Amino acid sequence: MKNPNFTLTRRQFCQVSVGAFASTFFWGCQDIKSVSSDNEANKITVFHNGIVLPVDDNFSEHQAFAIKDNKILAVGSNQRILSQAGSDAKVIDLKGRTVLPGFIEPHIHFALMAFTGNWLDIGPLKYGTTASALAALKKIASEGPHDEWIVARQFDPSLQAGPEMLTTSELDAISNTRPVFVLNASGHLAYVNSKLLKIAGISRDTPDPPGAEYFRFADGTPNGAMTQKAYFPILLSNEKLMNTFNEGAVESGIQVGDEASSLGITTICDMATGGGSGYEEINNYRQMFITGKMKSRIRAYLYSEVADMWDKSGVKYGEGDEKVRVSGWKVVFDGSNQGRTGRQREPYLNSNNLGVFYVQPEELKQIIIQRSQKGWPLALHGNGDAAIDSILDGVEAASKEGVDVKKLRCRIEHCSILHDDQIERMAKLGVVPSFLINHVYYWGKAMRDDIFGPEKAQLLDRCASVEKAGLKWSMHSDAPVSPMGTLHKIRVAVARDLWREPGSILAPQEKVSVEAAIRAVTINAAWQCHSENEIGSLETDKLADFVILDNDPRHVEPSSISDIKISETWMDGRQVFRS
Ligand SMILES: [Zn+2]
């Protein structure tokens, strides 16, 4: 399907030839401005009297470290670091606080977070039932001009008591004169009212778009619910909404960076760059740093759905610098398990639904071969076990074609349901998982009771098994699908407790140590995005990205790890957040 986004208005500075953009136009950027102004460049700063965990091979523990400008100088004892730094050094007393490398969030949807940031949140963290969520939506329906869309996000019927999906029956009751658009928390589904179906020209005679579905009533009339590739053009057709977003994209992106730094995150991987505003998204990322206000590095994975646009731009893997870099190629292959659109070997519980392939397996195989031959590290979204089978088939086929696939460090995004045979294949091919670990905490009960049954739910997010197999696994939030907080991810990997059933644990055999969970959000995540030589651990000559915590996650109750306070965040040798 053609993505219509290239017709969108771009700001003046982007009116450069695509070729010029792709070579050097915006690379090279200014340093980020510090929250505190007293940190002088080129001066050594020593942090001492702390618990300094550089996350090196031995997970060693130290008292102090020193930075110079934007780099780590040394890590060691109070005495050694203070004496080596000399009397000129600025000295900061950590007062027993814990220091870790800046957290890396290996998979979010940057543009979507920025785009939907001010939509009404009607999700399960705010409303326990569909009825209460709809009541909140009804309240805003009377506000605003009659032709303005009513937009909401985070709706999740797998966690909110009520019907399995929203249809025109519910949404026409919100408004039958204004368009209503509700985004499912997974981002894989949306629900619209009859007014919006009419505007979009979708009727009983409209066939499903390729790789997408309009859900229908028994008589064949679209019921308003639809999958990603079906709702995407509807969203993009709202010029007013898109223009407002494009004009404010840099500012709202900086706000995403603010949120990240307040959570100790110093690097974000954007997992579908170009899907909303085409190549302007990368220009925006650069612009965020040029303002001096951006507080989190960005690693961009280009969205395969707009492959033609990227090919025409001439963008190459690795382009950019340590602040913003083009780091890989992203393909979305199936849906989400909580939306029952992840593609399974066996049907979902009490149904004959196997889920969906957004891209047919043979096509996926060709994408994997072609992109890997061009040297692109691949991030391949696979939630269901059948999707993961096909991804591994594709990587294996690329290997047979002579591609050194291990070198590419191909990732399976979410990699939610994983069998032993698949872990073996991953180890052989050098394919690594990035888990959406909040699947366990927020959706674990639903996965066990409603979606898969207790046996298959044991295969969800198998952190300990992949650790044992030697895979460098990571954890992500998939924000806005789940909240970005990294300490919470560590807590879930260690405790595997359930939001909706306090006291219960899902698949306790997959619990990991605090140290392993910390690696997953620091050095492993850096390795996955080919940035381990510059970030992910506190070692000499690496970039001075670190987080200072009020407490040591190794020495609190697992379920309290997420309550530890982020005291300060430093990125590029500058303090960018303090509580
Ligand atoms: Zn995602």
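Quick note: the coordinates plus some simple rules give every number you see, no bench work behind them. The structure displayed is predicted, hence computed values, not measured ones. When we count neighbours, we look across all protein chains shown, and the Cβ atoms used for this are built from the backbone with ideal geometry, even at glycine.
Working note: Debye formula, equal point scatterers on the alpha-carbon atoms of the chain, no solvent; log10 I(q)/I(0) at q = 0.09, 0.12 Å⁻¹ is -0.68, -1.23. Subtracting the Cα-Cα distance of T206 and S560 from 0.36 nm times their residue separation leaves 122.3 nm of extension gain.
Quote the FRET efficiency, to the nearest 0.05, computed for S87 versus A218 with a Förster distance R0 of 56 Å and r equal to the Cβ-Cβ distance. Write down the numbers at each step before the final one.
Working: r = 82 Å, r/R0 = 1.46.
E(calc), rounded to 0.05, equals 0.10.
Shape summary of region 375-491, radius of gyration then Dmax from alpha carbon positions: 14.3, 44 Å. Using θ = phi - 60° in the Karplus curve 6.51 cos²θ - 1.76 cosθ + 1.60, the 3J(HN,Hα) couplings for region 352-361 round to 10, 7, 9, x, 10, 9, 6, 10, 5, x Hz; x is entered for Gly and Pro.
What is the diffusion coefficient of region 192-234 in µm²/s, taking the Kirkwood radius over Cα pairs and the Stokes-Einstein relation at 25 °C with a viscosity of 0.890 mPa s? Walk me through the numbers before you get to the answer.
On the way: Rh = 10.2 Å.
So the translational diffusion coefficient is about 240 µm²/s.
Dividing the summed -39500 (n - 2.57) terms of all DSSP H runs of n ≥ 4 by the residue count of the chain sets its mean residue ellipticity at 222 nm at -8500 deg cm²/dmol.
Fewest-first ordering of T486, T244 by other beta carbons within 10 Å of each residue's beta carbon gives T244, T486.
Summary value for region 295-382: 29 percent relative contact order, contacts being C-alpha pairs under 8 angstrom separated by 6+ residues.
Sorting S158, S562 by the number of Cβ atoms found within 10 Å of their own Cβ, with the fewest placed first, yields S562, S158. For region 249-262, 3J(HN,Hα) computed residue by residue from phi via the Karplus equation (6.51, -1.76, 1.60; θ = phi - 60°) reads 4, 5, 5, 6, x, 4, 5, 4, x, 4, 4, 4, 5, 5 Hz, glycine and proline entered as x.
Return the Rg/Rh ratio of region 133-201 with Cα-based radii and a Kirkwood Rh.
Numbers: Rg = 11.4 Å, Rh = 12.1 Å.
That ratio equals 0.94.
Applying the criteria of a DSSP loop state and at most 15 other Cβ atoms within 10 Å to the GluC sites (Glu not before Pro) of region 395-434 yields E401. Panel note: the C-alpha atoms of region 238-312, placed on their principal axes, show extents of 35, 26, 20 Å (largest first).
In region 536-579, which trypsin sites (Lys or Arg not before Pro) are in a loop and have at most 15 other Cβ atoms within 10 Å, using DSSP for the loop call? Let's see the in-between values first.
On the way: sites: K542, R554, K565, R574, R578; in loops: K542, K565.
Sites meeting the loop and neighbour criteria: K565.
Here region 176-198 is scanned for amide nitrogen atoms under 17 Å from the site 7 Å beyond the Cα of E148 along Cα-to-Cβ, giving 176-182. A Förster radius of 25 Å combined with the Cβ-Cβ distance from F59 to I505 puts the calculated FRET efficiency at roughly 0.50. A cut-off of 5 Å between modelled amide H atoms, ignoring neighbours fewer than 5 places along the same chain, links G117 with no other residue. In this simple spin-label approximation, K138 and Q360 carry label points 7 Å from Cα along the Cα→Cβ vector, and these lie 4.6 nm apart.
Roughly what percent of Cα-Cα pairs across region 85-137 reach past 19 Å? Numbers along the way, then the final one.
Working: 892 of 1378 pairs.
Roughly 65 percent, rounded to a whole number.
Relative contact order of the chain: what whole-number percent is it, with Cα pairs under 8 angstrom and at least 6 residues apart? Don't skip to the end; give the middle numbers.
Numbers: 1279 pairs, mean separation 102.9, N = 579.
The normalised contact order for the chain reaches 18 percent.
Rounded to whole numbers, the Karplus 3J(HN,Hα) couplings from phi for region 426-443 are 4, 4, 5, 8, x, 8, 10, x, 10, 8, 7, 5, 5, 3, 5, 5, 7, 10 Hz, using 6.51 cos²θ - 1.76 cosθ + 1.60 with θ = phi - 60°, and x at Gly and Pro. Extension gain for the segment N176 to S237, taken as residue separation times 0.36 nm less the Cα-Cα distance, is 20.0 nm to one decimal. Across the cross-link table entries K316/K406; K330/K406; K295/K468, which are compared at the Cα atoms, the separations over 26 Å belong to K295/K468. Computed over the Cα atoms of region 115-237, pair by distinct pair, the Kirkwood hydrodynamic radius stands at 14.3 angstrom.
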